[in-house]
Amino acid sequence: MKIVTLTVNPAVDKSTHIDRLIPEQKLRCDAPRFDAGGGGINVSKAIKRLGGKSTAIFTMGGPSGQVLRDLVSQEGIDCEVIQTEQWTRENFIVAETSTNAQYRFGMPGAALSEAETEAVLETLRQSKAEYVVASGSLPPQMDVNFYEKVASISKEIGTRLVLDTSGEPLRAACDEGVFLLKPNIGELEALVGAKDLQIDDVDDAARMLIGDGKCEVVIVSMGPKGAILVTKDLCEHVPAPPVQKRSTVGAGDSMVAGMTWALTQGLTYSEMIRWGVACGSAATMNEGTQLFLRADVERLMDWLKRFGKS
């Protein structure tokens with residue numbers, strides 16, 4: 001099955017190490033590492049690590065945009081790019097070796113013109129994908145209904161939309177209806193108009209979304225507490241395996257990748273969420289934007305098969 005990922009606010013992620021951050025001093029950093037970043041691009045990278053294939057649709061502009069495209073191509077990922085007048089943004093990640101603290105500096109990105117936005121949507125319309133993964137934030141000044149338009153096009157071309165975003169763009173897309181949502185507890189609260197949801201409340205809250213036709217599957221991510229799968233017929237809590245956490249960068253995207261890849265393999269929803277949890281947990285074991293190692297995922301899947309029962 002064909003997977004297409006969509007990223008409209010991508011970035012070149014530059015990461016480095018330093019012993020200690022000290023204000024008002026010139027600091028000597030290690031040689032930087034460059035990675036292609038942005039929600040959908042990270043999902044494509046993670047799918048590649050699982051042995052799967054996807055096509056990454058993303059915007060790019062200026063010299064930094066060319067760097068981004070080169071980085072994606074070096075990963076062996078097929079891509080469809082939409083050229084933009086504005087330069088692709090850069091993010092900066094600093095790991096402090098003396099404390100293991102991580103500092104993440106995210107730039108806002110550049111606004112897309114109306115013509116550029118329409119080009120993105122038309123590229124998606126021509127994609128003929130079985131699964132579309134739309135992940136990440138929107139660039140400044142973009143219509144908050146953009147993902148709603150993506151949801152509408154997904155219905156039009158007969159594809160399943162997997163959505164991982166937040167705020168008003170998430171709410172607007174839900175009004176159109178998607179296949180799978182991956183909110184955290186706070187995002188779920190906002191969608192159903194609730195406060196202080198506990199784990200025991202997640203089932204009913206998620207079924208409200210499903211009953212209202214906003215989605216078919218809800219995966220509520222809870223970080224170190226694992227994730228909860230809810231469909232109209234099923235509710236299952238899968239714990240997170242114990243790991244030594246080094247970074248949370250890309251963990252959510254890795255989780256989405258694991259689940260989408262599992263669906264294309266014909267696996268059940270219960271198997272799907274375990275692949276997602278394993279990939280997300282494995283990503284926290286690596287620094288910066290390196291995502292996960294397949295060997296770590298396999299080891300964590302073994303743990304989940306033995307201990308990951310709801």
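Quick note: the coordinates plus some simple rules give every number you see, no bench work behind them. Predicted, not measured: the structure shown is a model, and the values here were computed from it. Here the Cβ is made from the backbone with ideal geometry for all residues, glycine too, and neighbour counts use every protein chain on show.
Tell me the net charge near residue 252. Cut-off is 13 Å between Cβ atoms, residue 252 excluded, with +1 for each Lys or Arg and -1 for each Asp or Glu. Intermediate values should be presented prior to the final figure.
Details: positive: 182; negative: 164, 187, 253.
So the environment of residue 252 carries a net charge of -2.
Using C-alpha pairs below 8 Å separated by at least 6 residues, the relative contact order for the chain is 16 percent. Could you tell me what % of all Cα pairs in the chain have separations over 32 Å? Of the Cα pairs, 24 percent sit more than 32 Å apart. Helical content of the chain, expressed as a calculated mean residue ellipticity at 222 nm, amounts to -12000 deg cm²/dmol (DSSP H runs of 4 or more residues, -39,500 (n - 2.57) each, divided by residue number, nearest 500). Figure legend: label point modelled 7 angstrom from the Cα of residue 98 along Cα→Cβ; residues of segment 7-33 with amide N under 19 Å from it are 16-31.
Build a GNM of the chain with springs between Cα atoms under 10 Å: which of 199, 41, 210 gets the top mean-square fluctuation? Highest fluctuation among the options: 199. Considering only 198, 86, 66, the mean-square fluctuation computed in a Gaussian network model of the chain, springs between alpha carbons under 10 angstrom, is largest for 198.
Taking 25 Å as the straight-line reach from the Cα of residue 48, the lysines in range (excluding those fewer than 8 positions away in the same chain) are 2, 14, 128, 182, 245, 305. Under a 5 Å amide H cut-off, with hydrogens placed 1.01 Å from N, residue 11 pairs with 37, 38 among residues at least 5 apart or on other chains.
With θ taken as phi - 60° and the Karplus curve 6.51 cos²θ - 1.76 cosθ + 1.60 applied, the whole-hertz 3J(HN,Hα) list for segment 174-183 is 5, 5, 7, x, 10, 7, 9, 10, 10, x Hz, x standing for glycine and proline. Annotation: peptides 17-30, 259-272, ranked by per-residue average of other Cβ atoms within 10 Å with the highest first, follow the order 259-272, 17-30. Go ahead and set up a Gaussian network model of the chain, Cα springs under 10 Å, then flag whichever of 292, 179, 105 fluctuates most. Of the options given, 105 has the highest mean-square fluctuation.
From the mean inverse distance of alpha carbon pairs (Kirkwood) and the Cα radius of gyration, derive Rg over Rh for segment 123-226. Don't skip to the end; give the middle numbers.
On the way: Rg = 13.7 Å, Rh = 14.0 Å.
Dividing the radius of gyration by the Kirkwood radius yields 0.97.
Between residue 248 and residue 141, what is the FRET efficiency for a Förster distance of 25 Å, r being their Cβ-Cβ separation, to the nearest 0.05? Between residue 248 and residue 141 the formula returns 0.35. Each part reduced to its alpha carbon centroid, segment 264-289 and segment 156-235 end up 18 Å apart. Of interest is the spacing of the C-alpha centroids, which for segment 72-118 and segment 1-63 amounts to 6 Å.
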